[in-house]
Number of protein chains: 4
Amino acid sequence: MARAAAKKTPTRIQRQKTRAILDAALEVFSQHGFRGATLDQIADAAGLSKPNLLYYFEGKEAIHRTLLHRLLDTWLDPLRQLDPAGEPLREIRAYLLRKLEMSRDYPRESRLFANEMLQGAPRISDEIQGELKALVDEKAQVIRGWVEAGRLAPVDPYHLIFSIWATTQHYADFEVQVRGILGAGADGHFHDAARFLTQLYTGGLKPPAAGARRRP
Amino acid sequence: MARAAAKKTPTRIQRQKTRAILDAALEVFSQHGFRGATLDQIADAAGLSKPNLLYYFEGKEAIHRTLLHRLLDTWLDPLRQLDPAGEPLREIRAYLLRKLEMSRDYPRESRLFANEMLQGAPRISDEIQGELKALVDEKAQVIRGWVEAGRLAPVDPYHLIFSIWATTQHYADFEVQVRGILGAGADGHFHDAARFLTQLYTGGLKPPAAGARRRP
Amino acid sequence: MARAAAKKTPTRIQRQKTRAILDAALEVFSQHGFRGATLDQIADAAGLSKPNLLYYFEGKEAIHRTLLHRLLDTWLDPLRQLDPAGEPLREIRAYLLRKLEMSRDYPRESRLFANEMLQGAPRISDEIQGELKALVDEKAQVIRGWVEAGRLAPVDPYHLIFSIWATTQHYADFEVQVRGILGAGADGHFHDAARFLTQLYTGGLKPPAAGARRRP
Amino acid sequence: MARAAAKKTPTRIQRQKTRAILDAALEVFSQHGFRGATLDQIADAAGLSKPNLLYYFEGKEAIHRTLLHRLLDTWLDPLRQLDPAGEPLREIRAYLLRKLEMSRDYPRESRLFANEMLQGAPRISDEIQGELKALVDEKAQVIRGWVEAGRLAPVDPYHLIFSIWATTQHYADFEVQVRGILGAGADGHFHDAARFLTQLYTGGLKPPAAGARRRP
DNA sequence: TATGAATGAGAATTCATTCAT
DNA sequence: GATGAATGAATTCTCATTCAT
């Protein structure tokens, strides 16, 4: 096989082109979805010819798959950093803000991911039930531990995580709507969002006062 | 014009077929997105031949547009019901639950909408900046009023609304992920979600005690 | 067969609708050509439904054929009137003007005919080699007789007829061009055309002076 | 864009195929008109697959447009050569014969043009009112000058040009009719046509004898 | 590596015609 | 007679992929 992907040691030029392709593909896929994107658009955005693009990747599907897999790692990073040894509320607030920053700085990745989810994750369901689930399970345990220790309001850890994902990714995935309603201003709303969410989760997760908890 | 849609009073069969088409289209569009959906799929799902489908609608775009416009109205209903005269926390909780129910009962509509947003709302941006914005502005004013009256924690009303949208729609839009993580059980998680969200927003929005507020 | 065309005695309503259809078809066919015209357009222009239209005619082709055949008769009328007993130059001038009037008053018919010719007369070649040729042959003989009698310049009668057809029909068939060049004014140019053509043919066909002819 | 047409310097193969396509398209369009022609026919005639044909041209319309525009230039050439410094009658006769030759040698081009005119010139009306009109205006001035100098019978120059167009193009545009009437012989009739037209215009345009003109 | 050329498998849409009432 | 409904056969155009160099 002449495919670059099959080679053992990618040359520098290979890495460079691969990166250009993936970047272009991210742009196109995140905006138009898998079916809506065309190789022409990607090739154009990457600055190379279509056949040349297919020299580096097996096909449209392969590009998309590679993109999703590479993305997942970055995507889970904020959650990985949730420190079991940290102060619960602070840890959750920090996680929340890290996620919000990702939505601000990597909206295309967020949309790519959301697109895939909407379609029923046909190209990434394995990873969801594997790597992702494992990490979430692990961190849910941590949160549950905090709850049981009375350091956090008694909430369902899974739904807590879901809500953090939802509220933060919303600013990337529904950006048009957000801008349409707030006015087309710059990214100022991320600051307001951070304040609001901090407040919401701080208030919503603060453990009941010690006295109140022990008595019943 | 021979299009049935152009006629004045739709016959029974027209209404029936039109409904069948829109239902089929909702299924297909919500799963594959606009570009990913094909008329073949829609015609199949509706039990019609492709040309017959085009006898009722001008084209693919027209079906999608009709779907989106009809949806928007239903979509905004829960927010419309937010009663300025009601008790703030209760109103918001009720709104939240209505939205959550919609995500449970109409996940396809939610995904259709999310798909459109992700693509940058090319076919519905007018309505967003018009009807939708107007309603949100109005209700944001209501919430702001509550805040200023000290009946709600001092939060940004827009971001509050966004967060409610995000957290509730998440269960429809990211359903695969939710099920992948929680296990493929039935809709039981909606109950847990309702409890969690109620708790989160109740805690996060409760106004500071009167005494506490006045003193600083 | 339920076709109206098959009936023996057409009712008044049948004649009326048939006429409406043919008139509509003339409009549409002459503008868009056979293939370019659609039954929808014709039905619309005739003010009836497509199936109803097909109740009166077997199909698209039948309408077109009927139109062409009915047209041919009218079309040849000016030539038929060429009177062998008349004064040659006057007869030809009169014929010329009759044709020019037809181009002015029936441009759609002219274009329908031209369209058919351009396509190679697939639907009317029989009539051309039959009825039309017979009439032309007959009148060509008349003209030849005038020439031989020295009452007309010695011209080829067939090409004379062709040139009269060409110059007069041009104002109908190439109307856009004529108007584009002369300016979009009303039909005033027909008057100028009549003068020019009269002059051209009078000068071009006048027999040489008697003395000049006999001497060589 | 992957279209070959968009590239800067056409390769040899591009020029070759482009020419083949245009030639095939000329054949098909001139016979069936724009709507009547199909890409299948053109592709077949050009010996290409349909998608390959669309690799060279944006679409059906683009092929037709290209054809018309390239044609117009050739089409106007005979008129451009009308020499203001020449002897009037001789110039006009020469123009006439050049046009007649074009009808004999490029009948498809003539029919393509006629087809477009019949439809109302939807794809070339700009050029008609621009380039074509300008040239005609210019040459009409020349002819008018000749008339005023008494070197030509006092005729309307525009209608003179129209009549030359009409009479010469007739042999291409109404070829079936001409052949149907004269018999299906070879191009012999062009010779007769040339003689007839020469005679007609010579007689029709000869200026009145100097003496005759001055006296009244 | 790179690209000009080519194509098969769709996909949307049109349209003459037929069916059923 | 009339029409709403339906459809099969095109027809234009797109696009992922392959070929050849």
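General remarks:
- The convex hull drawn around the Cα atoms of segment D:1-117, when projected onto a plane and averaged over every direction, covers 8.9 nm².
- Nearest-20 debye value, chain D charge dipole, Cβ charges on Lys, Arg, Asp, Glu: 320
- A 1.4 Å probe run over the protein chains yields, for chain C, 46 Å² of accessible area per residue, whole-number rounding.
- Fluctuation leader among D:20, D:149, D:172 - chain D, Gaussian network, Cα springs under 10 angstrom: D:149
- Working note: Cα gyration tensor of segment C:127-176, eigenvalues times five, square-rooted, sorted largest first, giving semi-axes of 24, 16, 6 Å.
- Phi to ³J(HN,Hα) by Karplus 6.51 cos²θ - 1.76 cosθ + 1.60 over segment A:94-111, Hz, x for Gly, Pro: 5, 4, 3, 5, 4, 5, 5, 5, 5, 5, 6, 8, 10, x, 5, 4, 4, 5
- Crossing angle, helix D:60-80 versus chain D [Cα axis fit, 0-90 degrees, rounded to tens]: 20
- Between residue A:69 and residue B:97, the modelled label-to-label distance comes to 4.6 nm, taking each label 7 Å out from Cα in the direction of the beta carbon.
- Descending Cα extents along the principal axes, the protein assembly as shown, whole Å: 144, 73, 54
- Apportionment of accessible area to carbon and sulfur, the protein assembly as shown, percent (1.4 Å): 49
- Averaging over all projection directions, the Cα-based convex hull of segment D:62-117 occupies 4.1 nm² in the image plane.
- Chain B contacts chain A over a buried accessible area of about 4600 Å², both sides summed; the probe is 1.4 Å and only protein chains count.
- Shortest-first nm distances, residue A:23 label point to equivalent points in other copies (7 Å, Cα→Cβ): 4.8, 4.9, 6.9
- Dimensionless Rg over Rh [segment D:154-201; C-alpha; Kirkwood]: 1.04
- Among the trypsin sites (Lys or Arg not before Pro) in segment B:71-131, those located in a DSSP loop and surrounded by at most 16 other Cβ atoms within 10 Å of their own Cβ are B:123.
- Projected onto its three principal axes, the C-alpha set of segment A:3-58 covers 33, 16, 16 Å, listed from the longest axis down.
- Segment C:133-166 and segment C:82-113: distance between their alpha carbon centers, rounded to Å: 14
- Every Cα-Cα pair in segment D:66-206 was counted, and those over 27 Å apart are 23% of them.
- Mean projection area, nm², convex hull over Cα of segment A:82-161: 5.7
The values are calculated or read from the model by the stated rules, or taken from the named source; none is laboratory data. All values derive from a computational prediction rather than experimental measurement. Neighbour counts are summed over all protein chains in view; Cβ atoms, including those assigned to glycine, are modelled from backbone coordinates with ideal geometry. We work out accessible area using only protein heavy atoms, side chains counted, and drop any ligands, DNA or RNA first. Shrake-Rupley method; radii C 1.70, N 1.55, O 1.52, S 1.80 Å.
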